[in-house]
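*Asks:* Here it is, the structure, as structure tokens.
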């Protein structure tokens, strides 16, 4: 049986973790470290535009996506659960990292008035990166067969019932 892991940082309080154990894992009870939505939630207005111009799985809603790993990655506090749903997609995390530089850049601009300090020269614009991110999606099963990304970003687009969760 294959398991997925939602990790919590050592310094996080246990409130969301305890609520997830009681009510199930949902975006309301994700860790501060991983959060929800992944790269698809960074610029939702652009993502929604791109989604609606292509054929896609209608259950992919980044507001409801829960970020998980294939192993606990050395974290000491995590929820473990079996793969129980087909509503799990994998995206290229390296694109998420680049998209995050745009968020950092907006923060720097708001703090200092300087723009472009966090974005490497030659980086694609936000819309192109979001299109690339969207096009990178594969089902978990397809990812496991082909491993197209060195750094996968796995999102569960389904509520994980409390009875499936194990605190490790």
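The values are calculated or read from the model by the stated rules, or taken from the named source; none is laboratory data. Every value quoted in this text rests on a predicted model; they were computed, and no experiment measured them. Positions of Cβ are backbone-derived with ideal geometry, glycine not excepted, and every protein chain shown enters the neighbour counts.
*Asks:* Restricted to segment 90-110, and to residues that are touching a helix residue (DSSP H, G or I) at 6+ places or on another chain (Cβ under 7 Å) and closer than 23 Å to residue 20 by Cβ, which residue is surrounded by the fewest Cβ atoms within 10 Å (Cβ to Cβ)?
*Replies:* 96
*Asks:* Please find, among 149, 102, the residue that is assigned to a loop (DSSP other than H, G, I, E, B) and at pLDDT below 95.
*Replies:* On the way: 102 fails: assigned to a loop (DSSP other than H, G, I, E, B).
Just one listed residue meets the conditions, 149.
This table checks each residue for (1) part of a loop (DSSP other than H, G, I, E, B); (2) under 18 Å from the mean Cα position of the chain (by Cα).
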| site | (1), (2) |
| --- | --- |
| 6 | no, yes |
| 10 | yes, no |
| 17 | no, yes |
| 21 | no, no |
| 47 | no, yes |
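*Asks:* I'm told residue 54 meets every condition in (1) surrounded by 14 or more Cβ atoms within 10 Å (Cβ to Cβ); (2) farther than 30 Å from residue 161 by Cα; (3) touching a residue at least 24 places away in the same chain (Cβ under 8 Å) except one. Can you identify the failing condition by its number?
*Replies:* (1)
*Asks:* Now, a different point. Residues to consider are 122, 74, 113; find the one that is loosely packed, with under 12 Cβ neighbours inside 10 Å and either touching a helix residue (DSSP H, G or I) at 6+ places or on another chain (Cβ under 9 Å) or within 19 Å of residue 32 (Cβ to Cβ) (or both).
*Replies:* Numbers: 122 fails: either touching a helix residue (DSSP H, G or I) at 6+ places or on another chain (Cβ under 9 Å) or within 19 Å of residue 32 (Cβ to Cβ) (or both); 113 fails: either touching a helix residue (DSSP H, G or I) at 6+ places or on another chain (Cβ under 9 Å) or within 19 Å of residue 32 (Cβ to Cβ) (or both).
74 is the lone residue from the list that is loosely packed, with under 12 Cβ neighbours inside 10 Å and either touching a helix residue (DSSP H, G or I) at 6+ places or on another chain (Cβ under 9 Å) or within 19 Å of residue 32 (Cβ to Cβ) (or both).
*Asks:* Taking only pairs six or more apart or across chains, which ones have beta-carbon atoms under 9 Å, a first residue in segment 116-128 that is over 22 Å from residue 48 (Cβ atoms), and a second residue that is at pLDDT 95 or above and surrounded by 11 or more Cβ atoms within 10 Å (Cβ to Cβ)?
*Replies:* 123/129
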